[in-house]
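Data first, discussion second: the structure below is written as structure tokens.
The values are calculated or read from the model by the stated rules, or taken from the named source; none is laboratory data. Just so it is clear, the structure is predicted and the values come from calculations on it, not from any experiment. Positions of Cβ are backbone-derived with ideal geometry, glycine not excepted, and every protein chain shown enters the neighbour counts.
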Amino acid sequence: MKFQTHKMTVSIDDHSSHLEQFKEFYKQLDDEGKTIEKLPHQKIEDYQLKAVNATLAHVWNRNEYYRSTLEEAGFTEPKIDSLEQLASVPMLKKDVIRGDKQKILCVDPKEIGQVHLTSGTSGKPIYTCYTLADQYVYDLLPKYLELFKESDDDVAAIALPYEFALPGLGFQRLFQFAFGTAVLSLGKGGYMAPIDKSLALMKEFQATILTTTPSYAALLAEESEKFGIKIGEDIRLKKIWLTGEGCSSTFRERLEKWWGCEVSFFYGSTECGVVGVECSKHRGYHVMEGHVKVEIVDPVSEEVLPYGRTGEIVVTTLLREGMPMVRYRTGDLGNLQKSKCDCGITMDVMQLRGRMEHMLRLGTEDYSPFLIEHFLLEIPEVGLWYHLKLDQGVLTIEAEKYRTKLSDEQLVEKIQKHMADRIGIHCEVVIRHDIPRTFGKATRVFN
């Protein structure tokens, strides 16, 4: 068995790019039997500085908006001398590019090979344009052998959206081109892929890998019982990758027990691609430093924060020619730490705290929904479907029972006492038996 076979490689006819120089860097790593994930961190930073400068030169020469913002910030040439100087580059805000397909496009439109867009739930969508080389050449240059153990012996079921957004097609390229893995393109419950057919396909082809959202992993397991498919017997997975929604470690642990396999988190976005991936030690996301440079900034002052401080996650893509994201404000909260992971990976570790707009203000403190979920799901009688509703400072938890003989009143009392003991807050609790399931992103927070 050979890991990351890269059994398919793509060449683009008559193609030149500022990214061609990095092929040699990664070829040398391959020849030496190394990957970027375990290099001394200074060598990673040296690579990132070159990649950032190559990106700055590319956007300076190919995009009017980027060049004008850099010139307004005092740049006379597109270059920084250290990664610390990246803080002097203007940040890119979502509202600047929302609904504008040309704003940061850095190639001729005829070079676009794929367009993805965000759901636009917060307004107009954000368009992300990729060249074929972005998707099939440069995105596959960095290898992460410690993080990804998939091979051509595996069968990967991809239960993610294939419409508009990046995840479904992105994972399909990863599994097929990098690992040589057979792919079951399940989607997420569309009219061509109802849950019963998805489960039947996973059973028939003996899927070993599932990539999906936390809520859909729960829904597939829940529905399997209705269709007479036994998890662990008819479907025997060895790994689940969760992406598209955040969740707590207790949610993940529930899924691990339900599916009987390891479950790990994958953090990325349609705009930026892969950003962080969790290793088997489950101590945070290793930043994919071959693909991105991540900073943590104070969302108000925009000051770059040191290791350990929580702020907004800002991403600069390193291997994009079509539509690079330079210091893109994600709206997600997190912090960075130097890696001391037993897995041996030297890439920084990121702790994710959730979306800025989903933080819950209780009293004088802001609470991450992940933290509240973590404590709520410590109660074994509470199911994986719940709502958190905040109204005038009062938190109401709507929860479902899970395999318990407790009465509604007894479970309400147990939840209230547990939450008061764990985070010192009083909350209202409503036991429901009809929380709707969804094929889209699960909405759990109503703030």
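Remarks
- Criterion (in contact with a strand residue (DSSP E or B) (Cβ under 9 Å, 6 or more places away or on another chain), charged (D, E, K, R), part of a helix (DSSP H, G or I) and more than 27 Å from A217 (Cα to Cα)) met by exactly one of E413, E373: E413
- Residue pairs meeting the criteria (Cβ under 7 Å; at least 6 apart or on separate chains; first outside the structural domain of W259 (by TED's automatic domain parsing), in region 384-395; second among the hydroxyl-bearing types (S, T, Y)): K389/T396
- Among strands (runs of 3 or more DSSP E) entirely within region 101-175, having at least 1 residues that are small (G, A, S) and touching a Lys or Arg at 6+ places or on another chain (Cβ under 6 Å) singles out 155-159.
- Within region 42-56, residues that are within 19 Å of S339 (Cβ to Cβ) have Cβ atoms under 7 Å from residues that are charged (D, E, K, R) and crowded, with 20+ Cβ neighbours inside 10 Å in these pairs: I44/E289; Q48/E289; Q48/K293, counting only partners at least 6 apart in sequence or on another chain.
- Residue selected from region 53-97 under the condition among the β-branched types (V, I, T) and assigned to a helix (DSSP H, G or I), by the criterion surrounded by the fewest Cβ atoms within 10 Å (Cβ to Cβ): V96
- Residue match in region 368-376 (condition: among the polar types (S, T, N, Q), closer than 30 Å to E84 by Cα and at pLDDT below 90): yes
- Candidate set from region 403-438 (those that are at pLDDT below 90 and surrounded by 15 or more Cβ atoms within 10 Å (Cβ to Cβ)); member that is farthest from R361 (Cα to Cα): T438
- Answer from A218, A207, A193 - the residue that is modelled with pLDDT of 95 or more and not in a strand (DSSP E or B): A207
- Identity of the residue in region 226-252, out of contact with any Pro (no Cβ under 8 Å at 6 or more places or on another chain) and not in a loop (DSSP other than H, G, I, E, B), that ends up surrounded by the fewest Cβ atoms within 10 Å (Cβ to Cβ): K226
- Test result for K389, within 17 Å of F251 (Cα to Cα), of a type outside the set (V, I, T) and surrounded by 15 or more Cβ atoms within 10 Å (Cβ to Cβ): no
- Candidate set from region 253-287 (those that are part of a loop (DSSP other than H, G, I, E, B) and within 15 Å of A221 (Cα to Cα)); member that is farthest from the chain's Cα centre (by Cα): G260
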